[in-house]
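Colleague: Sharing a structure below in structure tokens format, with a few things to ask.
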Amino acid sequence: MFASIFRLTAIAGLGFALMAQAALAGEPVLRIAVLKFGTVNWELDVIRHHGLDKANGFTLEVMPVANKQASTIMFQGREADMIVTDWVWVARQRAEGRDIRMIPYSRSVGGMVVAAGSPIRSLAYLKGRKIGIAGGPVDKSWILIQALARKRHGIDLAKEAEPVFGAPPLLFKKGLSGELDAVINFWHFLAKMEARGMQRIVDVADAAAELGLNPETPLLGYAFRGDWAKDNPVLASGLARASRQAKDILRDSDAEWDRLRPRMKAKDDATFVALRDGFRAGIPGADAVDLASAQAMFAVLAELGGAKLVGKATKVEPALFFLN
């Protein structure tokens, strides 16, 4: 515990030093805490490499952390101005009286894969099978896949299968080794698993569409505090513009992906292409946020995830999404 506190203190100290340097240069600093190996780092790298932060009136400071809990602690302690999270978490915070808003970042979602040659061909084959699930019992992909299994086959996967919860890298290894019958993982781990021969039997975007939801609704975004945005009006709008500009580069330029390849840790060409194409597929449209669609998805997640997932939240407020 003390080691973790020391690391957070060290990161904060480095952050203050960088802020001082930027202040001398006359530019406001935007501090964002992100998982050190998260795919958002690719977009942030593009922003910094091309000077999109400076072009939009700020200096971007990336604060790498080991896990999501660490980024949340830094955000709540005001050591970071932004984190990347999902809008369900933001809705929960708003229901508890915290003015948190979100800039849409990605609509990339996970899915379920099985080994090549597996006898599992659909959700109907999962009774009694071990399903590895990243993100815990209230993972959004897991919830939507449960809803789809009920709709298609009348199966309660939480009771009739054997859920096994674990960290994404561990499930990646156990899925490849055959220790699990099926795996629900984050999209970039699934891309790597498919590049190694595993087969997707359910895509969460397809599941959402079959459940009558809009798969174009971006789930992930840059979360920030409303009072911070009022005090720093250039930063939230500047990051929103820089993010869109970086996405345009990543969507259109193969050369940019070649530059990023060392950061992606892709061991072979198939993995590299899967990660590149997966990121591109998750880029939301400029007008992708539809409040009614978000509310419909929230209702499904709240029904199955309950208070453990949504807390006191009962709806998605219009002010949740920042679209400047």
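The values are calculated or read from the model by the stated rules, or taken from the named source; none is laboratory data. All values reported here derive from a predicted model rather than from experimental measurement. Ideal geometry is used to build each Cβ from the backbone, glycine not excepted, and the neighbour counts take in all protein chains shown.
Colleague: Residues being surrounded by fewer than 21 Cβ atoms within 10 Å (Cβ to Cβ), assigned to a helix (DSSP H, G or I) and touching a residue at least 24 places away in the same chain (Cβ under 8 Å): count how many of those fall in region 149-167.
Modeller: 4
Colleague: Restricting the search to region 97-118, which residues are modelled with pLDDT of 95 or more and part of a loop (DSSP other than H, G, I, E, B)?
Modeller: G97, R98, D99, A115, S118
Colleague: Also, I was wondering about something else. Among the residues of region 168-193, write down those that are surrounded by 15 or more Cβ atoms within 10 Å (Cβ to Cβ) and in a loop (DSSP other than H, G, I, E, B).
Modeller: L180, D181, F186
Colleague: Does region 197-212 contain any residue that is under 18 Å from Y125 (Cα atoms) and touching an Asp or Glu at 6+ places or on another chain (Cβ under 7 Å)?
Modeller: yes
Colleague: Got a sec? Which of R251, R225 is modelled with pLDDT of 95 or more, touching a Lys or Arg at 6+ places or on another chain (Cβ under 7 Å) and assigned by TED's automatic domain parsing to the domain that holds K36?
Modeller: R251
Colleague: Right, next: Only one of G154, G136 is modelled with pLDDT of 95 or more and not basic (K, R); which?
Modeller: Going through G154, G136 in turn, the sole match is G154.
Colleague: Next up: Return a yes/no flag: does region 286-294 have any residue that is among the β-branched types (V, I, T), surrounded by fewer than 18 Cβ atoms within 10 Å (Cβ to Cβ) and modelled with pLDDT under 95.
Modeller: No, the conditions are met nowhere in region 286-294.
Colleague: Please find, within region 50-97, the residue that is nearest to E256 (Cα to Cα) out of those that are among the small types (G, A, S) and surrounded by fewer than 20 Cβ atoms within 10 Å (Cβ to Cβ).
Modeller: Out of the qualifying residues, it is G51.
Colleague: Among the residues of region 130-176, how many are more than 20 Å from M193 (Cβ to Cβ) and of a type in the set (D, E)?
Modeller: Number satisfying all stated conditions: 2.
Colleague: From the set of residues in region 223-247 that are among the charged types (D, E, K, R) and over 18 Å from the mean Cα position of the chain (by Cα), which is surrounded by the most Cβ atoms within 10 Å (Cβ to Cβ)?
Modeller: So, considering only residues that are among the charged types (D, E, K, R) and over 18 Å from the mean Cα position of the chain (by Cα), the one surrounded by the most Cβ atoms within 10 Å (Cβ to Cβ) is R225.
Colleague: Restricting to region 248-280, name every residue that is surrounded by fewer than 14 Cβ atoms within 10 Å (Cβ to Cβ) and among the hydrophobic types (A, V, I, L, M, F, W, C).
Modeller: A255
Colleague: To continue, here is another question. So W42 fits all but one of (1) part of a strand (DSSP E or B); (2) within 26 Å of V204 (Cα to Cα); what number is the exception?
Modeller: (1)
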